[in-house]
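Below you'll find the structure, written out as structure tokens, and then a few comments.
The values are calculated or read from the model by the stated rules, or taken from the named source; none is laboratory data. Predicted model, so just to flag it, every value in this text is computed and none were measured. Cβ: placed from backbone, ideal geometry, glycine included. Neighbour counts: every protein chain shown. These accessible areas exclude ligands, DNA and RNA; they are computed on the full protein's heavy atoms, side chains included. Shrake-Rupley method; radii C 1.70, N 1.55, O 1.52, S 1.80 Å.
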Amino acid sequence: APWRTERIAEFRAMLSTPAIAAALARPADGPARGWRERRFVSADGGAVRQGIIDRLVVVGEPGGWRRAEILDFKTDRLDADTPSESSLLAKVELYRGQLTAYRHEIAGQFGLDRSRIATRLLFVAPAVVREVHET
């Protein structure tokens, strides 16, 4: 039970950090719909694209969606409790393709311009959030 108690304490500490709390907060700019582990499968130019989006929040209402947020949780071990910006940028690059595919899928499903879809990586262990922009 000590191991479990320690993990619960770590999880609660992570949730209380400003960056994580802000990333998980309910959008203040209108009604929203949220999903955890939203699965998708689609055809794209003869190839099959599939994935599981850890957290998706769409703001607006059916037929009038205004924007979306995709949050992907990562448990990667980074170089320190406070990782360097260069190590975070390397991780963002590593996952950019995955988040770009998620953005493309959600744009099609909800009729949103891709520029209206924010994608973020949430690194659990250091409690750090990084925005992932399309290149």
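Under the convention that each Lys and Arg Cβ holds +1 and each Asp and Glu Cβ holds -1, the size of the dipole of segment 24-135 around its Cα centre is about 320 debye.
Look at the alpha carbon pairs under 8 Å that are at least 6 residues apart: their mean separation over the length of the chain gives a relative contact order of 23 percent. Placing unit charges on the Cβ atoms of the charged side chains and taking the dipole of the chain about its Cα centre, the candidate lying farthest along the positive direction among Ala90, Pro31, Gly108 is Pro31. Compared with the direct C-alpha span, the chain from Ala47 to Thr75 gains 7.2 nm at full extension, assuming 0.36 nm per residue.
Applying 1/(1 + (r/R0)^6) with R0 = 41 Å to the Cβ-Cβ distance of Gln98 and Ala9, what FRET efficiency is obtained, to the nearest 0.05? Efficiency, rounded to the nearest 0.05: 0.85.
Highest-first packing order for the peptide set 23-35, 48-60, 86-98 is 48-60, 86-98, 23-35, based on the mean count of other beta carbon atoms within 10 Å. The residues of the chain expose, per residue, 61 Å² of accessible area to a 1.4 Å probe. Using a 1.4 Å probe on the protein chains only, how many percent of the accessible area of the chain belongs to carbon and sulfur? Percent of accessible area from carbon and sulfur atoms in the chain: 53. For segment 1-76, the square roots a ≥ b ≥ c of the C-alpha gyration tensor eigenvalues yield an a/c of 1.5 or more together with a/b not exceeding b/c, which makes the shape oblate. For segment 13-40 and segment 45-80, write down the distance between their C-alpha centroids in whole Å. If we compute the Cα centre of each part, the gap is 11 Å. Computed over the chain, the range of Cα coordinates on each principal axis works out to 47, 32, 29 Å, biggest value leading.
Its relative contact order, with pairs defined as Cα atoms under 8 Å and 6+ residues apart, puts segment 96-135 at 36 percent.
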